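Peer 1: The following block contains the structure, expressed as structure tokens.
The values are calculated or read from the model by the stated rules, or taken from the named source; none is laboratory data. Keep in mind that this is a model prediction, so the values were computed, not measured. Every residue, glycine among them, receives a Cβ derived from its backbone with ideal geometry; neighbour counts consider all protein chains shown. Side chains included, ligands, DNA and RNA excluded: accessible areas come from the protein's heavy atoms. Shrake-Rupley method; radii C 1.70, N 1.55, O 1.52, S 1.80 Å.
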Amino acid sequence: MLSMSTNNLSYNDQGGTDSAVEVGQETTPTSSNAGAGFGLFSVDFKKNDDLKEMLESNKESLKLEAMKRVVGLIAKGKNASELFPAVVKNVASKNIELKKLVYVYLVRYAEEQQDLALLSISTFQRALKDPNQLIRASALRVLSSIRVPIIVPIMMLAIKEAASDMSPYVRKTSAHAIQKLYSLDQDQKDLLIEVIEKLLKDKSTLVAGSVVMAFEEVCPDRIDLIHKNYRKLCNLLVDVEEWGQVVIISMLTRYARTQFTSPWKEDGVFDEHSERAFYESDEEKTRNEPEAKPYMMDPDHRLLLRNTKPLLQSRNTAVVMSVAQLYWHLAPKNEVSIVTKSLVRLLRSHREVQYIVLQNIASMSIQRKGMFEPYMKSFYVRSTDATHIKSLKLEILTSLANEANISTVLREFQTYVKSQDKEFAAGTIQAIGRCATNISEVTDTCLNGLVLLLSNRDETVVAESVVVIRKLLQTQPTQHSDIIKHMAKLFDNITVPMARASILWLMGEYCERVPKIAPDVLRKMAKSFTSEEDIVKLQTVNLAAKLYLTNSKQTKLLTQYILNLGKYDQNYDIRDRTRFIRQLIVPNDKNGALSKYAHRILLAPKPAPLLESAYKDRDRYQLGTLSHTINTKASGYLELSDWPAVAPDQSVRNVEVIEPVKEWAPSLWKTGKSKPAKSSDDKFYSDSGEEEEEGSGSSSSEDGSSSSEESGSDAESRVENSSQSSEESDESSSQSEKSSSESESDSEKKKRKTKTPLQKKTVKPTAKDGDSDGNVAKEASSSSAEESSSDSESDSDAHTDSDSGTEHKKKTKSKAKPKVEVKSKKEVSLLDLGDFTPAPVTQLKSSILSPSLLGDLEGMSLSNVSSTIQVSGPAFVPEKSHDLLHRMTGKGLSAQYQFPRQPCLYQPTMVSVQISLTNTSDHPLEQIHIGDRSPTGLNIHCFNTVECLEPEASVTVFMGIDFNDSTQAANFQLCTKEDHFSVSIQPAVGDLFLPITMTELDFRKEQGKLLGMNESSATITMAAENMTSQPISRPVATVANLGVVPSGQDDIHRFAGKTASSGAVVLVTVELRESSTALITINTEKSVMGSMLLRDLKQALAQA
Amino acid sequence: MIHSLFLVNSSGDIFLEKHWKSVVSRSVCDYFFEAQERASEPENVPPVIPTPHHYLISVLRHRIYFVAVIQSEVPPLFVIEFLHRVVDTFQDYFGVCTEAAIKDNVVVVYELLEEMLDNGFPLATESNILKELIKPPTILRTVVNTITGSTNVGEQLPTGQLSVVPWRRTGVKYTNNEAYFDVVEEIDAIIDKSGSTITAEIQGVIDACVKLTGMPDLTLSFMNPRLLDDVSFHPCVRFKRWEAERILSFIPPDGNFRLLSYHVSCQNLVAIPVYVKHNITFREGSSQGRFELTLGPKQTMGKGLEAVLISSQLPRGVLNTNLNPSQGTYNFDPVTKLLSWDVGKINPQKLPSLKGSMSLQAGASKPDENPTINIQFKIQQSALSG
């Protein structure tokens, strides 16, 4: 007691104790002397006696009052341990609040008074059997919090019992107790792992977070325990409470790094700037075109990515950050960027959150500039930011700076330099230095700017500038002698040692460039040598030595004088240096050997210093961790392992009992797609696959009574469920059903019919994905067997869909169309190819199937497209392909082209063209490539040379053509090894656009700018039944690649796009009038294109 | 996870401590005090401080540092987020989160902390649940409790804890069923010397006060959901439905809560509804400077600007100011050099201005930095994002 009290006192300074006294009086106003006992131990004793009396009285209210005061003491960090016997008697009290306060006390002091603490144990043991789950749980909580080694066996027993308790709340408590017991007695590890294993199987969302926490604490290396629960955890994740989500996500990140192969492609096809990846498009990716890429993402890997994505919208910043780090460490490079927006959003949160998030962004932005570049303005410094936040923002801005934006960044920096926060201003100067070295174009500008700063009045700014200039000059010393001169002039006014030293060093290093000034500076230094700082003295000695070597005539005496001064300096470093220099440069008999090399030693060319980010090496730590924040390994940090070269057996995660691997692979592939199992209905969606999702989504759009269809497909999903999994997973699905049914199931049915936009959403990104076609199949490719099987499955799904429901015949029709084409295509290729290579078949088929299907879907529900602003996905992709080269003229090589209407990935101004090459001859064609082109200025991005095309095989390639906003044909030569054929691609005017979405307001505004000459319009007559919006948007979308602008009026439809090449806005308005006439208005500054488009539209709409 | 929590006031005293595992000596906070001393401003204390055996993670709110002691690796945001949640809970319970309020309610605070963390891992952080476990103190209840000896602690396990809607308790009853939604939008802009906007962002929140009986399932749809560029939700909102239909569907918690916060990406720059004309000059050699500010509304769509508050950090060389506001009151702190001017409501007919002179340190050269001016204001009934 005595020692404790004195301890406390020693921490509190005078002010502290004073306020503590006040506190005491405030909290216990009834007690005259409570809390006044600092230093006066007698009073303290008396007060405690007082409390003891109250605790031993018979009145509950007195006891409670006493306990409240005791808790007050504990809160202030005062010692109340001598009351232990009196308090512990009340542990069995009936009054819940009293009991709780006693618990608080027990937990705090049991460790110190182990023997007495044992008195309370039997009470807890009794309470563990209480019918009230709250009491059971709190008894276990306290029992396990008492750190008394003797009761370890009792705790173990209690934990085991609680782990199979009925109440999930008690089970959760037992998961917490595991960690406590483990920290008390590590020998129990094996037994505890058994309990953890049991609890991991628990399906309650309440338990999941806590048990994973226990897992991380007790046995993070027992990855094998996770296997069977992996999918369950992924599916439960959305419903787990926020704190549990953080823990589970970080555990799953580690797990995934050991179990899956790397999704990071080795080849640099997609540079870091590609921002187009949306994972929903993966279905398409997997199906579209298998190229010879070996990587295919494990479906479980995909499941994890998919189920964590919605959590980016959590309000809990820790959850968002942990999802972000999961994507960073696990997702394919092109998908990581979806986390950017959410991270930027976190910057609006509390200061501390900003700090951590900015640190992580700083690390990320070094590796992947492209991710954050569009959000650069979010990192502009505000005057209200704390200094550490300012410097982090500066760090990020520096990392993001590139040739394109450097001018804005520098302008920002200019303002920062003037900041009153000098630490920050100094940081800015360093940042300018880094920009100058990183971007060679602006080096001179920066240097000039820094030189201007030399005349700044603030010392820290000047000093920092000098240091940075020194570093910069060192990188390119050739032509900057005037800067050195300028600095020499400033030398007298600068007092910051580091800056002075830097100038001296520069003088010495480049003394040959300033032969007149350097000796003079040395002369001044000789005068003031004794009063300089050590670092300046050292540099003076250096300068003297260098000058002596280059210009000994003028400086010999000066040097000797300085060396003499240095010899008797107080600092031994300087004495040492002086002695060394003297021996080195002053020729004498004994050591001629070294002095010969003095020149070479002192004036050796020195490598320029690298100005690097302080966050460069932080990537060795997992993002979002404490270790990353403090840049050292925190205790308990678990390394993120490297990707395994070969994935471990994935069937370990399979919860099925018996089923051949080959069979479950496709079904697994499907589960991989399943959305977070928030409800059973969702499960139905996801299980039956994306294809079906699309189908049912579009088909049920207006379908009020889709119950029959629903029940049908529901059953279907059940079947699939059961086929795919054992009783275990069945149970889990029913569990999730149960848990969600309360909240959702009722509304879910009704909701279903409005689900359409989701499909659209999922579809759109694909369409938008300019590169997806190129990229698409990489992941899937290897397993065409799997693909075809699932394809066929989904086909049949789609069929069942289109059969059901009566109101969507139209759609069925439209769906049928592409399908027919697919079939015919397929047949053709089958005819052509025989059974040579199955891969190209699927490729062809899928590449045509999906865009057209997509297009259909898009076309169908176009009217309420919601998406991001700017360029959006095409509303419709015509499946029509044109002959580029007939097989007769092409001597066996036939080529067809079509416009996929994707933004071109090579250059934004290009239109992307998809070309299918087929070899119909009987010998392989080699080296198919593009030869001469005309007009010669035509900007074409050629496809990579196709080395060899086997007979009967076909291949799809992509090229980009800049049509320069004209429909003039692009002529070029298609060459094989032996021949070359002149071909031409003639674009329709509608294919030269890229759709953009904008608000109606923006549309009007733009329209207002494009009147008069830029407007062309026509009135047409159209059939009356087509006067609703959907049939209008469809033909328009067919003709031209335009985006729909949501319109307030029913009879006016607006479409917007921009030309690919020049980006000129194209606005189309279709105004339906009475008596089935319609007014088409086109506003664009490209009036030629406008009139051509008008002609096409007139045709299309009149037909309709 | 979280080992201990210390509450430190602005003068550097620990006024509350709580340990969830074995006791960590107060002396660990010495490292924190060191960092606090080094920091020029209270905000500049680094949120994460490594010490030889522990890590200190702190947040500063309401001039109180909440210092959590960590012993091993844990995501720092996890701790920070939790600490903020603790502060929010205190605020919810006591109305304010000040040192005095915490000291007055130390028992409730302790009970709350006990419920919120078990062994350092968050247990119950939803205010609906906590309020069932521990009733918030009200004057009436305090009186009743002292007379009858009844308690603040609930006897039953909160129903929400076990259900699928952990944020709502069952058996809510109101005679008047009502739900209010507040849309609050904030605009953050940086404007350069000449008045052109460098960057502007709009951040909005929808705060709700829902008092409905039973288990209501609400849907909320927006006229133009595309405006909401990036959204974060209260856990009660169903993510899937939002993604699918842009409709908010949720079972609300009882009482006040923040339904969502969103970020509006501004393609075209936002119109800032206020402008400032400034003329601040320092003359070389003389010890006088001129200071002139005029405010005016701009494109406010007829809505009045209210609660306008201007603050500016003047250069260190300024000794004192002699200014004359046309309305409101101004205040200059000669120590921190912070000038603040509480303008109040702006009357478009008579634009408020602040004119006068500054006296500079004699002999000192003219300060070369331009003071930054921060303006805060409110506009009722207006949404900037449109």
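Peer 1: Go through (1) part of a loop (DSSP other than H, G, I, E, B); (2) among the hydrophobic types (A, V, I, L, M, F, W, C); (3) more than 9 Å from chain A (Cβ to nearest Cβ) and name the single condition B:Val28 misses.
Peer 2: Status for B:Val28: all satisfied but (1).
Peer 1: Follow-up question, since we're still on this one. Residue by residue through segment B:69-88, note down the ones that are open to solvent by 10 Å² or more (accessible area, probe 1.4 Å) and assigned to a helix (DSSP H, G or I). Lay out the reasoning, then the answer.
Peer 2: Let us first name the residues in segment B:69-88 that are open to solvent by 10 Å² or more (accessible area, probe 1.4 Å), namely B:71-73, B:75, B:81, B:85, B:88.
Answer for segment B:69-88, where residues must be open to solvent by 10 Å² or more (accessible area, probe 1.4 Å) and assigned to a helix (DSSP H, G or I): B:Glu81, B:Arg85, B:Asp88.
Peer 1: Something else about it: Those residues that are of a type in the set (Lys, Arg) and within 8 Å of chain B (Cβ to nearest Cβ), I need them from segment A:81-107; list them, please.
Peer 2: Taking segment A:81-107 as the starting set, the residues that turn out to be of a type in the set (Lys, Arg) are A:89, A:94, A:99-100.
Within segment A:81-107, A:Lys100 is the sole residue that qualifies.
Peer 1: Name the residue, out of A:Ala401, A:Ala425, that is touching a Cys at 6+ places or on another chain (Cβ under 6 Å) and of a type in the set (Gly, Ala, Ser).
Peer 2: On the way: A:Ala425 fails: touching a Cys at 6+ places or on another chain (Cβ under 6 Å).
Residue meeting the stated conditions: A:Ala401.
Peer 1: If you don't mind, there's one more thing I want to ask. Within segment A:353-372, which residues are open to solvent by 10 Å² or more (accessible area, probe 1.4 Å) and either modelled with pLDDT of 85 or more or of a type in the set (A, V, I, L, M, F, W, C) (or both)?
Peer 2: Narrowing segment A:353-372 to residues open to solvent by 10 Å² or more (accessible area, probe 1.4 Å): A:354-355, A:366-369.
Across segment A:353-372, the qualifying residues are A:Gln354, A:Tyr355, A:Ile366.
Peer 1: When only residues in segment B:309-349 that are under 24 Å from the mean Cα position of the chain (by Cα) and outside any strand (DSSP E or B) count, which is surrounded by the most Cβ atoms within 10 Å (Cβ to Cβ)?
Peer 2: By that ranking, first place goes to B:Lys345.
Peer 1: Next question, about the same structure. Taking into account only those residues within segment A:299-349 that are open to solvent by 20 Å² or more (accessible area, probe 1.4 Å) and under 24 Å from A:Ser641 (Cβ atoms), which is nearest to the other protein chains (Cβ to nearest Cβ)?
Peer 2: The qualifying residue nearest to the other protein chains (Cβ to nearest Cβ) is A:Lys309.
Peer 1: Also, quick follow-up: Which one of these does B:Asp217 not meet: (1) closer than 22 Å to B:Phe257 by Cβ; (2) within 8 Å of chain A (Cβ to nearest Cβ); (3) at pLDDT below 80?
Peer 2: Among (1) closer than 22 Å to B:Phe257 by Cβ; (2) within 8 Å of chain A (Cβ to nearest Cβ); (3) at pLDDT below 80, the lone unmet condition for B:Asp217 is (3).
Peer 1: I would also like to ask the following. Among the listed residues A:Val1044, A:Val1070, which satisfies the condition of being closer than 30 Å to A:Gly960 by Cβ and either modelled with pLDDT of 75 or more or open to solvent by 50 Å² or more (accessible area, probe 1.4 Å) (or both)?
Peer 2: Numbers: A:Val1070 fails: closer than 30 Å to A:Gly960 by Cβ.
Testing whether each residue is closer than 30 Å to A:Gly960 by Cβ and either modelled with pLDDT of 75 or more or open to solvent by 50 Å² or more (accessible area, probe 1.4 Å) (or both) leaves just A:Val1044.
Peer 1: Tell me, which residue of segment A:222-258 that is open to solvent by less than 20 Å² (accessible area, probe 1.4 Å) and hydroxyl-bearing (Ser, Thr, Tyr) is farthest from the other protein chains (Cβ to nearest Cβ)?
Peer 2: The extreme case among them is A:Tyr230.
Peer 1: For segment B:226-237: of the residues being facing chain A (nearest Cβ under 7 Å) and not acidic (Asp, Glu), which is surrounded by the fewest Cβ atoms within 10 Å (Cβ to Cβ)? Quick ask: steps written out before the conclusion?
Peer 2: Step one: list which residues in segment B:226-237 are facing chain A (nearest Cβ under 7 Å), which gives B:226, B:230-235.
Then drop every residue that is not not acidic (Asp, Glu), which leaves B:226, B:231-235.
Values: B:Arg226: 16, B:Val231: 22, B:Ser232: 23, B:Phe233: 21, B:His234: 19, B:Pro235: 21.
Once the filter is applied, the top-ranked residue is B:Arg226.
Peer 1: Given the condition assigned to a loop (DSSP other than H, G, I, E, B), loosely packed, with under 15 Cβ neighbours inside 10 Å and more than 14 Å from chain B (Cβ to nearest Cβ), answer yes or no: does some residue in segment A:987-1010 qualify? Talk me through it step by step, then tell me what you get.
Peer 2: Let us first name the residues in segment A:987-1010 that are assigned to a loop (DSSP other than H, G, I, E, B), namely A:987-988, A:998-999, A:1010.
Pick out the ones that are also loosely packed, with under 15 Cβ neighbours inside 10 Å and you get none.
Looking for residues that are assigned to a loop (DSSP other than H, G, I, E, B), loosely packed, with under 15 Cβ neighbours inside 10 Å and more than 14 Å from chain B (Cβ to nearest Cβ), one finds none in segment A:987-1010, hence no.
Peer 1: Just a yes or no: is a residue in segment B:261-275 more than 10 Å from chain A (Cβ to nearest Cβ), at negative phi, polar (S, T, N, Q) and in a loop (DSSP other than H, G, I, E, B)?
Peer 2: Within segment B:261-275, the first condition is being more than 10 Å from chain A (Cβ to nearest Cβ), and the residues that meet it are B:264, B:269-275.
Remaining after also requiring at negative phi: B:264, B:269-275.
Those still in the list that are polar (S, T, N, Q) too: none.
For segment B:261-275, residues more than 10 Å from chain A (Cβ to nearest Cβ), at negative phi, polar (S, T, N, Q) and in a loop (DSSP other than H, G, I, E, B): absent.
Peer 1: Residue by residue through segment A:1047-1067, note down the ones that are surrounded by 17 or more Cβ atoms within 10 Å (Cβ to Cβ) and of a type in the set (D, E, K, R).
Peer 2: Within segment A:1047-1067, A:Arg1054, A:Lys1058 qualify.
Peer 1: Right, next: Looking at this structure, is A:Ser383 open to solvent by 30 Å² or more (accessible area, probe 1.4 Å) and out of contact with any Ser or Thr (no Cβ under 6 Å at 6 or more places or on another chain)? Working first, answer last.
Peer 2: Numbers: open to solvent by 30 Å² or more (accessible area, probe 1.4 Å): yes; out of contact with any Ser or Thr (no Cβ under 6 Å at 6 or more places or on another chain): no.
Against the criterion (open to solvent by 30 Å² or more (accessible area, probe 1.4 Å) and out of contact with any Ser or Thr (no Cβ under 6 Å at 6 or more places or on another chain)), A:Ser383 does not qualify.
Peer 1: Something else: Would a scan of segment A:959-974 turn up a residue that is farther than 22 Å from A:Gln902 by Cα, open to solvent by less than 60 Å² (accessible area, probe 1.4 Å) and in a loop (DSSP other than H, G, I, E, B)?
Peer 2: no
Peer 1: Here is a further query. Residues A:Lys129, A:Lys180, A:Lys78: which one is facing chain B (nearest Cβ under 8 Å) and either open to solvent by 20 Å² or more (accessible area, probe 1.4 Å) or out of contact with any Leu (no Cβ under 9 Å at 6 or more places or on another chain) (or both)? Write out each step before concluding.
Peer 2: Values: A:Lys129 fails: facing chain B (nearest Cβ under 8 Å); A:Lys78 fails: facing chain B (nearest Cβ under 8 Å).
Exactly one of A:Lys129, A:Lys180, A:Lys78 is facing chain B (nearest Cβ under 8 Å) and either open to solvent by 20 Å² or more (accessible area, probe 1.4 Å) or out of contact with any Leu (no Cβ under 9 Å at 6 or more places or on another chain) (or both), namely A:Lys180.
Peer 1: For segment B:8-24, which residues satisfy the criterion of being at the interface with chain A (Cβ under 9 Å from one of its Cβ atoms) and at pLDDT 85 or above? Let's see the steps before the verdict.
Peer 2: Let us first name the residues in segment B:8-24 that are at the interface with chain A (Cβ under 9 Å from one of its Cβ atoms), namely B:9, B:11-23.
Across segment B:8-24, the qualifying residues are B:Asn9, B:Asp13, B:Ile14, B:Phe15, B:Leu16, B:Glu17, B:Lys18, B:His19, B:Trp20.
Peer 1: Something else: When both residues are 6+ apart or on different chains and their Cβ atoms are under 9 Å apart, which pairs have a first residue that lies in segment A:428-447 and is on the phi > 0 side of the Ramachandran plot, and a second that is open to solvent by 10 Å² or more (accessible area, probe 1.4 Å)?
Peer 2: Filtered contacts from segment A:428-447: no entries.
A quick yes/no check of all residues on (1) at pLDDT 85 or above; (2) in the same structural domain as A:Ala92 (by the TED database); (3) within 23 Å of A:Arg222 (Cα to Cα); (4) among the aliphatic types (A, V, I, L, M):
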{"site": "A:Val148", "(1), (2), (3), (4)": "no, yes, no, yes"}
{"site": "A:Ile159", "(1), (2), (3), (4)": "yes, yes, yes, yes"}
{"site": "A:Ala175", "(1), (2), (3), (4)": "yes, yes, yes, yes"}
{"site": "A:Leu181", "(1), (2), (3), (4)": "yes, yes, yes, yes"}
{"site": "A:Gln188", "(1), (2), (3), (4)": "no, yes, yes, no"}
{"site": "A:Leu191", "(1), (2), (3), (4)": "yes, yes, yes, yes"}
{"site": "A:Val195", "(1), (2), (3), (4)": "yes, yes, yes, yes"}
{"site": "A:Lys198", "(1), (2), (3), (4)": "yes, yes, yes, no"}
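Peer 1: So, one more: Does at least one position in segment A:284-294 carry a residue that is of a type in the set (A, V, I, L, M) and modelled with pLDDT of 80 or more?
Peer 2: First, the residues of segment A:284-294 that are of a type in the set (A, V, I, L, M): A:292.
Retained after the next criterion (residues that are modelled with pLDDT of 80 or more): none.
Scanning segment A:284-294 turns up no residue that is of a type in the set (A, V, I, L, M) and modelled with pLDDT of 80 or more.
Peer 1: Another one. Give the residue that is modelled with the highest pLDDT, with candidates limited to residues of segment B:371-386 that are open to solvent by less than 80 Å² (accessible area, probe 1.4 Å), of a type outside the set (A, V, I, L, M, F, W, C) and closer than 22 Å to B:Thr294 by Cβ.
Peer 2: B:Asn374
Peer 1: Now a separate question. I'd like to verify a number: residues in segment B:71-122 that are more than 7 Å from chain A (Cβ to nearest Cβ) and hydroxyl-bearing (Ser, Thr, Tyr), how many?
Peer 2: Total satisfying the criteria: 3.
Peer 1: Moving on to the next point. Taking the criterion of being outside any strand (DSSP E or B) and either open to solvent by less than 10 Å² (accessible area, probe 1.4 Å) or facing chain A (nearest Cβ under 7 Å) (or both), would at least one residue in segment B:48-65 satisfy it?
Peer 2: Going through segment B:48-65, the residues outside any strand (DSSP E or B) turn out to be B:51-54, B:62-63.
The next check asks that each one be either open to solvent by less than 10 Å² (accessible area, probe 1.4 Å) or facing chain A (nearest Cβ under 7 Å) (or both); those that pass are none.
Checking segment B:48-65: not a single residue is outside any strand (DSSP E or B) and either open to solvent by less than 10 Å² (accessible area, probe 1.4 Å) or facing chain A (nearest Cβ under 7 Å) (or both).
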